[in-house]
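Just below is one structure, and these are the notes that go with it.
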Amino acid sequence: MAQGADGDDGAFRILVERWEGVVFAFLVRMLGSREEAQDLTQETFVRMVGAAGRYRPTGQFRSWLLRIAGNLARSRLRRRRVIRWLSLDLAAVDPPAEQPGALADIEHREQCAAVRAAVGRLPDRQRQALVLRQYHDLSYDEIAQAMGTTTGSVQMLLHRAMNALRDDLVNGGGMS
Amino acid sequence: MTGNHHPKGHVLQAFADGALDAATAAQVAGHCAACDACRRELEQIGEVHAVLARDPGPARPRPAWPAVQARLQRERRPLGLTFAFGTALACAAGLALSILVGGGGVHHQVAGPVIENATEGGASLLDIFATAIPEES
Ligand SMILES: [Zn+2]
């Protein structure tokens, strides 16, 4: 039965395979959990299909898709107010794709953990803007689209996020 | 930012991100060339970006398509229902709503968050492909 995909399913399948890595990476950084990110990646694409008729080709597809994912992430975060990030440990951080050696690996994992924990401590909207800028290379306009806000507000969110991260990671955390 | 005034922090950040228009960027660049404090500020912004870049991101997820397809097959509804819902709301909101509320979970739209300015019947799959496939590494 699952083999009986019609033309649309074939098209959606290509979109899912093309974009799942982007959506998943975004959600991991928003939620701090692979399992939840996997869950919401799936949900994002189900909603993408449902909302396809309302997609405007003039906007960036990427912003539109990440907006769906971002709204899902933020509503998930609102629901679990016991912030998991507070108890983030090394086991929660994925090993890097390449592993040059055991010692370097441990150091790398510690650094990744520190970076992700610091990003995870940001307020949700600051984190969303920061992740979209830093890790997905969205322009300020695209971030504004993805967050349903103005470019000016994106500027302020990013500025505050970067100040907090500077205090946390560079000035306070001794990671430089 | 003109003259001796330092650019505000969010302007420096936008400058570092290449997000300013050319004229403003030129002004900021001119100021920073002559201002140690703002240059140091820019260096610190670069430092934070460098630290953030040490996180390469998560390893790839399990392929999502099998689960997505299974859900679509379970939840797929005739398109007409969605359009009928929108039309009913537009034409006779009160009556339509009371019927829908009375009807409980009948309308269970899969479509997610409201996309502002979205237009009904907007894009075909071809439109989506046109912008979705070529970009991004
Ligand atoms: Zn200055």
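No value in this document is a laboratory result; all are computed from the given coordinates. Given the structure is predicted, the values throughout are model-derived calculations rather than measurements. Here Cβ is always computed from backbone atoms with ideal geometry, including for glycine, and neighbour counts include all displayed protein chains.
Normalise the Cα radius of gyration of the stretch B:9-54 by 2.2 N^0.38 Å (N = residues in it) and let me know the number.
Numbers: Rg = 10.7 Å, N = 46, 2.2 N^0.38 = 9.4 Å.
Normalised Cα radius of gyration, the stretch B:9-54: 1.14.
Residues A:T151, A:T41 in ascending order of nearby Cβ atoms (within 10 Å, fewest first): A:T151, A:T41. With R₀ fixed at 51 Å, the C-beta to C-beta distance from B:R71 to B:A22 puts the FRET efficiency at about 0.65.
Cβ-to-Cβ counts within 10 Å put A:T44, A:T150, B:T24 in ascending order as A:T150, B:T24, A:T44, the fewest first. Ordered by the number of other Cβ atoms lying within 10 Å of each residue's own Cβ, fewest first, A:R54, B:R62, A:R79, A:R133 fall into the sequence A:R79, B:R62, A:R54, A:R133. When each of the peptides A:165-171, B:35-41 is scored by the mean number of other C-beta atoms lying within 10 Å of its residues, the order from highest to lowest reads A:165-171, B:35-41.
Quick one: compute the contact order of the stretch A:1-73, relative version, from alpha carbon pairs under 8 angstrom and 6+ residues apart, as a percent.
On the way: 35 pairs, mean separation 24.6, N = 73.
For the stretch A:1-73, the relative contact order is 34 percent.
A Förster distance of 41 Å, applied to the separation of the beta-carbon atoms of A:E107 and B:R40, puts the FRET efficiency at 0.90.
What ranking do B:63-76, B:5-18 get when scored by the average of other Cβ atoms within 10 Å per residue, highest first? If you can, show how the numbers build up before the last one.
Numbers: B:63-76: 16.2, B:5-18: 18.4.
Put in order of decreasing packing, that is B:5-18, B:63-76.
Ranked by the mean number of other Cβ atoms within 10 Å of their residues, highest first, the peptides A:56-62, A:19-25 come out as A:19-25, A:56-62.
Remark: mean inter-chain Cβ contacts per residue of B:12-20 equal 5, using a 10 Å Cβ-Cβ cutoff to other protein chain atoms.
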